[in-house]
Amino acid sequence: MRNLRQVTLAALIALIGTTSQAAFIQAQADTLSAGVSKGQPSKVKTYFQNHQNVRKATIGAGVGTAAGAVTGLVSGKGLVRGAAIGAGTGATVGLVNSSKIMSKHPVVKDVASGTLTAAGLTWSASKGRGQTKNIAKGAAVGAALGLGVGLLKDKLQ
């Protein structure tokens with residue numbers, strides 16, 4: 001058994017050494033044969049430039065994942081569950097914020113964003129009996145906060 005471990009370890013070291021030597025040789029070749037060329041933007045960059053709604057939904061999903069994970073962890077209802085709920089909520093809020101129709105109605109956009117955000121956070125923090133009631137209460141509080149922020153932002157410009 002000990003012999004097998006030593007042989008496996010030796011083979012692994014030899015493989016790592018060969019791989020690192022090949023990477024070093026490749027790095028030398030890359031640096032020695034550097035030329036001037038016009039760089040093309042990556043396909044991901046051009047895709048997100050052309051699809052603003054997808055970009056904002058993706059950013060919202062990332063922010064929502066983090067917020068939902070923290071909420072689920074703090075409330076003890078589950079980190080992964082909170083992250084999944086937060087991702088969906090964040091993507092939805094991102095889509096609402098990037099909507100052309102909602103941009104014409106800023107107060108309604110703020111109310112919708114507040115409602116969705118608070119409902120998502122409440123959903124990731126509650127589980128079991130009375131979950132729907134708690135989500136409805138959270139959504140109502142979020143709608144009120146969104147309305148207040150929307151009116152203040154609209155009237156204080």
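For the stretch 86-103, taking the residues that are among the aliphatic types (A, V, I, L, M) and surrounded by 15 or more Cβ atoms within 10 Å (Cβ to Cβ), the one that is farthest from the chain's Cα centre (by Cα) is identified as Met102. Taking the stretch 97-106 as the range and being part of a helix (DSSP H, G or I) and either under 21 Å from Lys155 (Cα atoms) or basic (Lys, Arg) (or both) as the test, the residues that pass are Asn97, Lys100, Ile101, Met102, Ser103, Pro106.
Based on what the data block shows, is Asn53 out of contact with any Phe, Trp or Tyr (no Cβ under 9 Å at 6 or more places or on another chain) and surrounded by 15 or more Cβ atoms within 10 Å (Cβ to Cβ)? Spelling it out, it is not the case that Asn53 is out of contact with any Phe, Trp or Tyr (no Cβ under 9 Å at 6 or more places or on another chain) and surrounded by 15 or more Cβ atoms within 10 Å (Cβ to Cβ). Would you confirm whether or not the stretch 77-88 contains a residue that is assigned to a loop (DSSP other than H, G, I, E, B) and in contact (Cβ under 8 Å) with a residue 40 or more places away in the chain? Yes, the stretch 77-88 contains a residue that is assigned to a loop (DSSP other than H, G, I, E, B) and in contact (Cβ under 8 Å) with a residue 40 or more places away in the chain. Could you tell me how many of the residues in the stretch 67-86 are over 13 Å from Thr117 (Cβ atoms) and out of contact with any Lys or Arg (no Cβ under 7 Å at 6 or more places or on another chain)? Final tally of qualifying residues: 13. The set of residues in the stretch 104-147 that are of a type in the set (Val, Ile, Thr), surrounded by 20 or more Cβ atoms within 10 Å (Cβ to Cβ) and either closer than 19 Å to Gly72 by Cα or within 21 Å of the chain's Cα centre (by Cα) (or both) comprises Thr115, Thr117, Thr122. In the stretch 57-74, is there at least one residue being over 21 Å from Gly138 (Cα atoms), exposed (fewer than 10 other Cβ atoms within 10 Å of the Cβ), modelled with pLDDT of 60 or more and not β-branched (Val, Ile, Thr)? So far as the stretch 57-74 goes, no, none of its residues is over 21 Å from Gly138 (Cα atoms), exposed (fewer than 10 other Cβ atoms within 10 Å of the Cβ), modelled with pLDDT of 60 or more and not β-branched (Val, Ile, Thr).
The values are calculated or read from the model by the stated rules, or taken from the named source; none is laboratory data. Here the structure is a predicted model, which means the values were calculated and not measured. FYI the Cβ positions are ideal-geometry reconstructions off the backbone, even for glycines, and counts take in every protein chain you see.
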